[in-house]
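Inspection log for the structure reproduced underneath, given as structure tokens.
The values are calculated or read from the model by the stated rules, or taken from the named source; none is laboratory data. These numbers were taken from a predicted model, which means no experiment stands behind them. Don't worry about glycine lacking a Cβ; one is built from the backbone with ideal geometry, like all the others, and counts go over all protein chains shown.
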Number of protein chains: 4
Amino acid sequence: MTNASGTSAAVIGATGYAGATAVQLLLRHPQVALTRVTSRSNAGQKMGAIYPGIESDLELHAEPDPGDAEVVVVALPHGIAASLVPGWLREGRTVLDLGADFRLKDPAEYARWYGADHPSPELLEEAVFGLPEVIDRGALESARLVACPGCYSTAAILALVPAVRGGLAKPDYVVDAASGVSGAGRSLGLHFHYAEAAENFNAYSVEGHRHLAEMTQACRTGPGDAAPRITFVPHLVPMVRGILATCYFDLEGGSTIEQLRDAYRSAYAGCPFIKVVDAAPGTKQVAGTNECHIHVTQQGDRVVVLAAIDNLVKGAAGQAVQALNIARGWPETAGLELPVRWP
Amino acid sequence: MTNASGTSAAVIGATGYAGATAVQLLLRHPQVALTRVTSRSNAGQKMGAIYPGIESDLELHAEPDPGDAEVVVVALPHGIAASLVPGWLREGRTVLDLGADFRLKDPAEYARWYGADHPSPELLEEAVFGLPEVIDRGALESARLVACPGCYSTAAILALVPAVRGGLAKPDYVVDAASGVSGAGRSLGLHFHYAEAAENFNAYSVEGHRHLAEMTQACRTGPGDAAPRITFVPHLVPMVRGILATCYFDLEGGSTIEQLRDAYRSAYAGCPFIKVVDAAPGTKQVAGTNECHIHVTQQGDRVVVLAAIDNLVKGAAGQAVQALNIARGWPETAGLELPVRWP
Amino acid sequence: MTNASGTSAAVIGATGYAGATAVQLLLRHPQVALTRVTSRSNAGQKMGAIYPGIESDLELHAEPDPGDAEVVVVALPHGIAASLVPGWLREGRTVLDLGADFRLKDPAEYARWYGADHPSPELLEEAVFGLPEVIDRGALESARLVACPGCYSTAAILALVPAVRGGLAKPDYVVDAASGVSGAGRSLGLHFHYAEAAENFNAYSVEGHRHLAEMTQACRTGPGDAAPRITFVPHLVPMVRGILATCYFDLEGGSTIEQLRDAYRSAYAGCPFIKVVDAAPGTKQVAGTNECHIHVTQQGDRVVVLAAIDNLVKGAAGQAVQALNIARGWPETAGLELPVRWP
Amino acid sequence: MTNASGTSAAVIGATGYAGATAVQLLLRHPQVALTRVTSRSNAGQKMGAIYPGIESDLELHAEPDPGDAEVVVVALPHGIAASLVPGWLREGRTVLDLGADFRLKDPAEYARWYGADHPSPELLEEAVFGLPEVIDRGALESARLVACPGCYSTAAILALVPAVRGGLAKPDYVVDAASGVSGAGRSLGLHFHYAEAAENFNAYSVEGHRHLAEMTQACRTGPGDAAPRITFVPHLVPMVRGILATCYFDLEGGSTIEQLRDAYRSAYAGCPFIKVVDAAPGTKQVAGTNECHIHVTQQGDRVVVLAAIDNLVKGAAGQAVQALNIARGWPETAGLELPVRWP
């Protein structure tokens, strides 16, 4: 039962945190009828039995099959989506992948970071990187396959791209970022056990985290240009949701902090979810929303750019809905005006 | 290498939170040489690789075998200790069981709450209930087998027994208790996943929790007397450690709150770890210690008794060390003066 | 600029947590134009400068003056509203008071609990107790003054009233409740300092909390009937929001738990915000919403009823909006469908 | 009552978190008799009434007067100690200042960061910077005045100095650090209110934090050498205690990560509190202790050094006790073997 100008959608992998956030957002979306949800681990149950506040009679299917849905939102572990997506595209569906499978353009980079050959390298070129504020939005309109960036990548790229593209920064960036524990997903692990994660703050993947490849790809200034050097260290914060990226770089010779601030303001002038703010943002001020708050400042002569997002909304499901809104010509904020719930 | 008047000890199940707390306490105990630690899941590793701050060269054995240790501290899931303890007793060892297997005197009660026949019912009578403040301490001196009470039971029994024994309370008690997440142990579970447990407070086992049987047993006034009615509802608090029991009952006809307070003060007069305090205690004030802080007051004519403990110390490993100290004639506080670490 | 069938509203005391929640809800309410916000401590600032996510050009007025607003939502410390409300009523406005001043019908009770004579006792009879699920809703339709109950009272009364009114419970109740720290408001205090409140759980106001008077008043079965005995002990939980009330009582002779469950289901049959649920509810499942989840069960022969709410929404501002919706004949859930933000 | 080879000590400003930690440590110190505690805000009370677990009959004096104590540990806001210390030195006492007044050698730097002329500039040269692992320990032995470094400074300097002194690093460092809320002290503030600080992560003092001056001073390679460039951004973590410093720099031409690791291992070879560890440390593993865990690694060709400390122990009071131990020729770890309590 779809709105005249609307569409039907399925969420594949609906019971992880990103998938469940997509379900919440699509259920309240004025142009979308959610017609199918799937989850191998919770098959046969209703979403509302697993996530409080999700009111829907839809029952979780075991198989990752979108049924009749025109739009497929995929929230699966990497490697799995890549083998399913080609079939969905052949069936004429639009696919928004929250996972990592189609983010990197270079199959060698995929193999390097994910330890396996890419199952569908022929689609990498076509996949549109779903970070609307930094891409050619026209590409989204005709997109069959949108690869939504990782949560850390979203924060870091939004924090860096105006400087990069304006030629205002030396191509050597430190991205020190911290995430709430929901970023690790709903799967259990000792590091995410309450008694271990509470009262603790630690870095991880210090030698290199997979999202680094996405950041580096997005911060090339042109197709043939050298990649910038980015050093990215993620940290785990004892809180449920939110990411803050604290980014350090030097101004390119001659440019000033005022020019830099102007570049951010103008880059994000038409972007309803980006706020260039006057004070260091906390993650709490964007919790549950699709917003990204960015602060541009300087300590001595080094630039510090801070970007705060909600890792499950702007860092995952909200961004996918935003991309879908643009692709379909709906208002960019449709379904994204009010905060989500849980975890 | 044991102190002249000292002993050697093993911890069986040393990598759960209760077991690891026992390891910490025994390593700093002046009269004990810890000679063996075991853990099926972490066999071959050293304790310090699993728990920061545990400095020891002891390697974890896979088998639950105490080696040459005279004293065996057991921190195993219920049902397992019961099959191992008889052998250790035959070998002449002293056993302190942190688990549930020997707490209940009546094998029918064990079967009712644990869903299986007791493997060694012949030992139930002999086992000494290891809550030193409420038992005949002489029994500990000759004990071969000490059954340390559950964490909730410790708080509730300490909060109720002076009223019960003084004949000051009507035998109808509500025990509303709340515990930090470490009470659920180190094993993973969705309810204990940080993103689920944080910003949440809930009751569980509302129809009946196993510790209720221990409380009821300890609150009989005499061998042939009727059991009191106790209603016990535990709650999960988003914090790492600590238990608060809030207990409600009515005074027995004619007795006064002053008499009741006197009964608590005199019952715990010689007890180094019990403090009868003048204000409602928070769990934080006993965190990491073997203390129990008790506050006795009244709302209208209903009595409210509050008891706060650390669930892993006074509620588990610290209490076992205290019992051992008494059994061996060492100072009751030996090894228990300073707080423990982790989780 | 008010909707044809709509109204204009002011929030007096808009920068406390309850007031700011009211602002959030009224800004998104389809029938309400928020025309005035006041705050003595933040006068001259805009709401959005104090609360992220509150998008409004309204500037905070220093004086507690509702301007032209037809509806006045009051979130002031007790004692202050009582002196302002009579004037607003004379001006023909509708007043919804989130504070304590008009909740108790008996001025002697007010004096006993608040330590001062009531400034406007003549209004106490007229004031409608704003807990829509347990009052005569017709009274709301003509109400000039709605006294919204306290946060703990809301949870406890919803948990008890069906049993009370059905004559199914002995009139002796224990209400053990726990609240997140936002319940203490935005004013600073050492107990609410992060480093003190984290990793702590404690009872407070054990000898008697002001909300007890509201609960007792609401749990009388009839005008001339004796008050039931209620013992109410609140606790502070290291989390931001949410209240869980765990209520204990005995069935009146002959009644059964099935009858009791039926009484709850039928009492709340038409109530869009109340869910009688099959498992013990956690506060997280109602966080940010106007819902109350109630679970009715038994341990042995004692009844345990659990009720979970969000203290700032169903326990304060959301309930006021719900009452306003009913008073004006709007859909009961208008403006209350989606969660709020901050703190 | 002082040990033959022992001393008497006073803590001035004993009820802040750093002061109270000093009290705890000195009460358990085998060579120290704590004879005086002072606190303007809590004068007349006993320490144990304010801090659970501090067992002492000492009553808090209102005046910052050390009485007969030979050693004075000062935990006062900056600016106040500087006016009191000269008198104490004239009286022949040894002063350990936990505050900022004597850390910077250059009075102009003090004026720049603290906004006032230094009250006792003549003492700046004499004051010994109390970070034992990086200074000439001989200087401590004859010291009258020890200026203990700030909490962030301790972590950052320990993380950088072996690289700096070995000539292994380019003199351009990013220090991204995060602290638990106790770092802000016991004074109230909206940012440290539980409901605001929980579920939030934010940077602050991004344009420049006072500890930067200490780091820069300590990372000069020689008296006449140029200062390195250090960019330091602190963050607030929703946890009670702990600091993690994540430091980024480049190797000086030709040097290798293996050389760097060797430099750290050899710099800290004789240091009982420093552990050069093989994995990224979490703050929880040092909570309550005087330890600093350092991990040296590389992402691509950029070095990342992580250092974790407890902000109140190694970052404040523990470090002062360690300095005192060295100054008096006692074992360096005396009184520092076991964890502290509260907050």
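Among the residues making up the stretch C:35-53, those that are surrounded by 15 or more Cβ atoms within 10 Å (Cβ to Cβ) and outside any loop (DSSP other than H, G, I, E, B) are C:Thr35, C:Arg36, C:Val37, C:Thr38, C:Lys46, C:Met47, C:Ile50. Of all residues in the stretch B:91-113, those satisfying the criterion of being buried (at least 17 other Cβ atoms within 10 Å of the Cβ), outside any helix (DSSP H, G or I) and not basic (Lys, Arg) are B:Thr94, B:Val95, B:Leu96, B:Asp97, B:Leu98, B:Gly99, B:Ala100, B:Asp101, B:Phe102, B:Leu104. Looking at B:Gly335, B:Gly288, B:Gly315, just one residue is of a type in the set (Gly, Ala, Ser), more than 19 Å from B:Phe129 (Cα to Cα) and touching a strand residue (DSSP E or B) at 6+ places or on another chain (Cβ under 8 Å), and that residue is B:Gly335.
If the condition is being within 11 Å of chain A (Cβ to nearest Cβ) and farther than 15 Å from D:Ala307 by Cβ, then the stretch D:164-179 contributes only D:Asp172.
Within the stretch D:190-197, none of the residues are more than 25 Å from A:Ser179 (Cα to Cα) and buried (at least 20 other Cβ atoms within 10 Å of the Cβ). You will find that of A:Arg302, A:Arg341, the residue that is within 22 Å of D:Ala197 (Cα to Cα) and among the basic types (Lys, Arg) is A:Arg341 and no other. Note on the stretch D:114-153: residues that are part of a helix (DSSP H, G or I), out of contact with any His (no Cβ under 9 Å at 6 or more places or on another chain) and touching a residue at least 60 places away in the same chain (Cβ under 8 Å) total 3. Check whether at least one residue in the stretch B:185-199 is in contact (Cβ under 8 Å) with a residue 12 or more places away in the chain, within 11 Å of chain C (Cβ to nearest Cβ) and within 20 Å of the chain's Cα centre (by Cα), and report yes or no. Looking through the stretch B:185-199, none of the residues is in contact (Cβ under 8 Å) with a residue 12 or more places away in the chain, within 11 Å of chain C (Cβ to nearest Cβ) and within 20 Å of the chain's Cα centre (by Cα). Scanning the stretch B:257-293 for residues that are within 21 Å of the chain's Cα centre (by Cα) and away from chain D (no Cβ under 14 Å) yields B:Tyr264, B:Ala267, B:Tyr268, B:Ala269, B:Gly270, B:Cys271, B:Ile274, B:Val276. The set of residues in the stretch D:69-79 that are under 19 Å from D:Ala22 (Cβ atoms) and either crowded, with 21+ Cβ neighbours inside 10 Å or within 18 Å of the chain's Cα centre (by Cα) (or both) comprises D:Ala69, D:Val71, D:Val72, D:Val73, D:Val74, D:Ala75, D:Leu76, D:Pro77, D:His78.
Considering only residues that are on the phi > 0 side of the Ramachandran plot and either assigned to a strand (DSSP E or B) or in contact with a Ser or Thr (Cβ under 9 Å, 6 or more places away or on another chain) (or both), which ones fall in the stretch D:58-90? Scanning the stretch D:58-90 gives a single hit, D:Gly67.
Checked against (1) surrounded by fewer than 18 Cβ atoms within 10 Å (Cβ to Cβ); (2) touching a helix residue (DSSP H, G or I) at 6+ places or on another chain (Cβ under 8 Å), B:Cys247 passes all but condition (1). Within the stretch B:270-293, which residues are of a type in the set (S, T, N, Q) and closer than 14 Å to B:Ala155 by Cα? The answer is B:Thr283, B:Thr289, B:Asn290. One residue alone among C:Val304, C:Val286, C:Val277 is closer than 28 Å to C:Gly16 by Cβ and of a type in the set (Val, Ile, Thr), and that residue is C:Val286. What number of residues in the stretch B:304-333 are surrounded by fewer than 24 Cβ atoms within 10 Å (Cβ to Cβ) and touching a Leu at 6+ places or on another chain (Cβ under 9 Å)? Residues in the stretch B:304-333 being surrounded by fewer than 24 Cβ atoms within 10 Å (Cβ to Cβ) and touching a Leu at 6+ places or on another chain (Cβ under 9 Å): 4 in total.
So, C:Ser83, is that one modelled with pLDDT under 95, surrounded by fewer than 16 Cβ atoms within 10 Å (Cβ to Cβ) and among the hydroxyl-bearing types (Ser, Thr, Tyr) or not? It is true that C:Ser83 is modelled with pLDDT under 95, surrounded by fewer than 16 Cβ atoms within 10 Å (Cβ to Cβ) and among the hydroxyl-bearing types (Ser, Thr, Tyr). Within the stretch A:21-33, if we keep just the residues that are in a helix (DSSP H, G or I) and touching a strand residue (DSSP E or B) at 6+ places or on another chain (Cβ under 8 Å), the residue that is surrounded by the most Cβ atoms within 10 Å (Cβ to Cβ) turns out to be A:Ala22. Within the stretch B:294-343, count every residue that is touching a residue at least 40 places away in the same chain (Cβ under 8 Å), in contact with a helix residue (DSSP H, G or I) (Cβ under 8 Å, 6 or more places away or on another chain) and in a strand (DSSP E or B). Qualifying residue count, the stretch B:294-343: 9. Candidates A:Pro77, A:Pro52: the one that is farther than 25 Å from A:His118 by Cα and modelled with pLDDT under 95 is A:Pro52. Looking only at the stretch D:237-254, which residues are at the interface with chain A (Cβ under 8 Å from one of its Cβ atoms) and touching a Ser or Thr at 6+ places or on another chain (Cβ under 9 Å)? If the condition is that a residue be at the interface with chain A (Cβ under 8 Å from one of its Cβ atoms) and touching a Ser or Thr at 6+ places or on another chain (Cβ under 9 Å), then D:Val237, D:Met239, D:Val240, D:Arg241, D:Gly242, D:Leu244, D:Tyr248 are the ones that fit.
Within the stretch D:6-38, the residues that satisfy the criterion of being within 14 Å of chain C (Cβ to nearest Cβ) and among the polar types (S, T, N, Q) are D:Thr15, D:Thr21. Checked against the criterion of being of a type in the set (A, V, I, L, M), surrounded by 20 or more Cβ atoms within 10 Å (Cβ to Cβ) and in contact with a Pro (Cβ under 7 Å, 6 or more places away or on another chain), the stretch C:148-162 has at least one qualifying residue. Filter the stretch C:200-236 down to the residues that are among the hydrophobic types (A, V, I, L, M, F, W, C), more than 11 Å from chain B (Cβ to nearest Cβ) and farther than 25 Å from C:Thr297 by Cα and list them by number. C:Ala213, C:Ala226 - these are the residues of the stretch C:200-236 that are among the hydrophobic types (A, V, I, L, M, F, W, C), more than 11 Å from chain B (Cβ to nearest Cβ) and farther than 25 Å from C:Thr297 by Cα.
Applying the selection to the stretch B:7-19, what residues are outside any strand (DSSP E or B) and closer than 13 Å to B:Val321 by Cα? Answer for the stretch B:7-19, where residues must be outside any strand (DSSP E or B) and closer than 13 Å to B:Val321 by Cα: B:Ala18, B:Gly19. Looking at the stretch B:81-103, which of its residues are closer than 21 Å to B:Leu34 by Cβ and either under 18 Å from the mean Cα position of the chain (by Cα) or of a type in the set (Lys, Arg) (or both)? Result: B:Ala81, B:Arg93, B:Thr94, B:Val95, B:Leu96, B:Asp97, B:Leu98, B:Gly99. For the stretch D:73-85, a residue qualifies if it is of a type in the set (A, V, I, L, M, F, W, C) and within 19 Å of D:Ser41 (Cα to Cα), and the qualifying residues are D:Val73, D:Val74, D:Ala75, D:Leu76, D:Ile80, D:Ala81, D:Leu84.
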